[in-house]
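This report refers to the structure that appears directly beneath it.
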Amino acid sequence: MLHLPYWATDYLKRAEPRLKENPLALYERIKGGLRLAALDPEGLQNGLRLGQNLADARAIWPALTVLEIDRPRLETAFGDFADWHSNASPLVSVMTDISRFGDLVLDITGVAHLFGGETEMLRTLIIRLRKLGYRVSGAIAPTIGAAWAVSHFARSQVVEDDSFAALLDALPVAALRLEESQLLTLGQMGLKTIGQVRQYPRKSLHTRFSQILLRIDQAFGAIEERMTPRLPLVDHLVEQRFADPISLMDDVLRTTHDLSVKLSKTLEAEGLGGQTFHLFLYRVDHKVMTLSLNAGRVTRDPEHIADLFRHRAQRLETEYDPGFGIDMVRLAASSTDRLDAVQTGAFSIEEGTEDIARLNDRLSSRLGPLAVLRTEMVASRLPERAARLVPTQSGQTDAPIAAPPLQRPVKLLPMPEIVAIMAEVPHGLPASMVWRGESFRLVSGQGPERLGAEWWRKQERLKLVEPPKPKKPEPGEKPVPPPYIPDLLLFNPDAGTRDYYVVEDQHGSRFWVFRQGLYSKGNRPIWYLHGFFP
């Protein structure tokens, strides 16, 4: 846990050096008044306090520099700052229980040895931040709650498993991340430390303070408290650090190619391949650019992985911003699965789809995942519902559904279109057809093939293409519509049976038409055109 109590003022002073000349305070409008929302240490040492009226603060300290707090800016900057810490641990989260900025949670499982142990790692991180101008304290503890409590209310240290209970008991109850009203009530009850609260009967606490019991159990490990990492979870990663930062896209792509070779060897040693790959570019101004993409199948081919990022980089070249330079590049793989070695000699077996999968990956990387689609069979007897389009890189989680051994047209209309059909007898073969204002004389036909309605379905809209998840546009950005989402009709489960016919006109064109409903007294069925044969 890293605690930066003066993040707001420290960050603004780094971004605007002129603010270092005088003490800095940030205010916000609360219920029609101006109240102090953030202070630097100098302000606190001279009698100012959070929540104080701005006019009173200026009267106490006339030289005080004041600015209105911009919380969205600070939250965004702290998020970028948190991502930058993934160079120390791949699992980093912002803790927002008390404030949207100021507290970082790092899961250092399996990485502390890279720094020479937990104590040396904590020391390295704190010294690095203090050199950047941030006031910071930190703690390493068995639980998130314990680390938060120690970093806020004790000196920076590594808390051992056998001693953290006694250390927590001596801390004030504010170390449990409680609301102000609860802290006030506990103070009125004479409960000032965590140890005193733990000695109080749990049944009485549960009646009035259920949250207190939750925080106690989380801090002492009785209930697991999980973090939510900001960056994607990865299974394997390789990285390259630079003594001198790089900035050109060509240098980034060359580094990505070298890292692809390293990552391929790492995966090959474990007999694995990856389907999702992530590229992290760590800038010297403490920001991280991330680029993630998928492959159509599990792979560890370094040339293919490098090509995917190269094509995606060409698409996003206008958005590329290296800032003041990039001092580390990391390549990671997730969604890994077993991938055996493939023989490439004279007796190797080529299934014939590898080149198609590579082509789909390259097109999806360059054009976007929703621009390259493939057909997936669906368990439905109705032709317009028997297939749908999915991204080629979506993978295949279920066993494929084999197409029925029936005569089906090559081209199928998304929804059947009404046509006028004339037949010699009500149940005979069609003799003529009028479609879109054009007449067709039908000389032969075959059928019918009868299909019943799927009575178990509700009135739902046919999804020829699965709609993408909505993405909230950035401020000033126009929402981007999906590339192809047809507005198809609602499915009617009471539509009745269909009798399909294959008919041919005098020019040799073959059509797939059907009659919906049956001839009966007072009922005349409707004819539809559904597809075309070659």
inquiry  = Is it the case, given these coordinates, that Asp398 is out of contact with any helix residue (DSSP H, G or I) (no Cβ under 9 Å at 6 or more places or on another chain), more than 30 Å from Val502 (Cα to Cα), at pLDDT 80 or above and not in a helix (DSSP H, G or I)?
reply    = no
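Here's a check for you: in segment 158-185, which residue that is charged (D, E, K, R) and within 17 Å of Leu205 (Cβ to Cβ) is farthest from the chain's Cα centre (by Cα)? Spell out how you get there, then give the answer.
Here is the first cut: in segment 158-185, the residues charged (D, E, K, R) are 160-162, 169, 177, 179-180.
Next cut, within 17 Å of Leu205 (Cβ to Cβ) only: 169, 177, 179.
On the way: Asp169: 39, Arg177: 28, Glu179: 31 Å.
Ranking the candidates gives Asp169 first.
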inquiry  = Any residue that is of a type in the set (Ser, Thr, Tyr) and either assigned to a loop (DSSP other than H, G, I, E, B) or under 20 Å from Ala146 (Cβ atoms) (or both) - is there at least one of those in segment 75-91?
reply    = yes
ask   = Within segment 104-177, which helices (runs of 4 or more DSSP H) (wholly inside it) include 2 or more residues that are farther than 27 Å from Ile223 by Cα?
value = 118-131
inquiry  = So Phe101 ticks every box in (1) within 27 Å of Asp327 (Cα to Cα); (2) more than 24 Å from the chain's Cα centre (by Cα); (3) in a loop (DSSP other than H, G, I, E, B) but one. Which box is left unticked?
reply    = (2)
ask   = Could you count how many residues in segment 356-370 are more than 19 Å from Phe277 (Cα to Cα) and either modelled with pLDDT under 75 or touching a Leu at 6+ places or on another chain (Cβ under 7 Å) (or both)?
value = 0
task = Give, as residue ranges, the helices (runs of 4 or more DSSP H) completely inside segment 178-275 that count at least 2 residues that are touching a residue at least 24 places away in the same chain (Cβ under 8 Å) and of a type in the set (Gly, Ala, Ser).
result = 249-269
inquiry  = Scan segment 271-280 and tell me whether some residue there is of a type in the set (A, V, I, L, M) and at pLDDT 90 or above.
reply    = yes
remark   = Of the listed residues (Ala165, Ala175), the one being under 18 Å from Leu104 (Cβ atoms), of a type outside the set (Phe, Trp, Tyr) and either in contact with a helix residue (DSSP H, G or I) (Cβ under 6 Å, 6 or more places away or on another chain) or modelled with pLDDT under 95 (or both) is Ala175
message = Take Asp327 and tell me if it is in contact with a Phe, Trp or Tyr (Cβ under 7 Å, 6 or more places away or on another chain), under 22 Å from Ala77 (Cβ atoms) and either polar (S, T, N, Q) or outside any helix (DSSP H, G or I) (or both).
response = yes
ask   = Glu68 passes all but one of (1) buried (at least 16 other Cβ atoms within 10 Å of the Cβ); (2) in contact with a strand residue (DSSP E or B) (Cβ under 7 Å, 6 or more places away or on another chain); which number fails?
value = (1)
query = Do you know which of the residues in segment 248-274 that are within 13 Å of Ala313 (Cβ to Cβ) and among the polar types (S, T, N, Q) is surrounded by the most Cβ atoms within 10 Å (Cβ to Cβ)?
reply = Thr256
message = Regarding segment 23-41, can at least one residue be identified that is modelled with pLDDT of 90 or more, out of contact with any strand residue (DSSP E or B) (no Cβ under 7 Å at 6 or more places or on another chain) and of a type in the set (D, E, K, R)?
response = yes
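The values are calculated or read from the model by the stated rules, or taken from the named source; none is laboratory data. Model, not experiment: these values are computed from the prediction. Cβ: placed from backbone, ideal geometry, glycine included. Neighbour counts: every protein chain shown.
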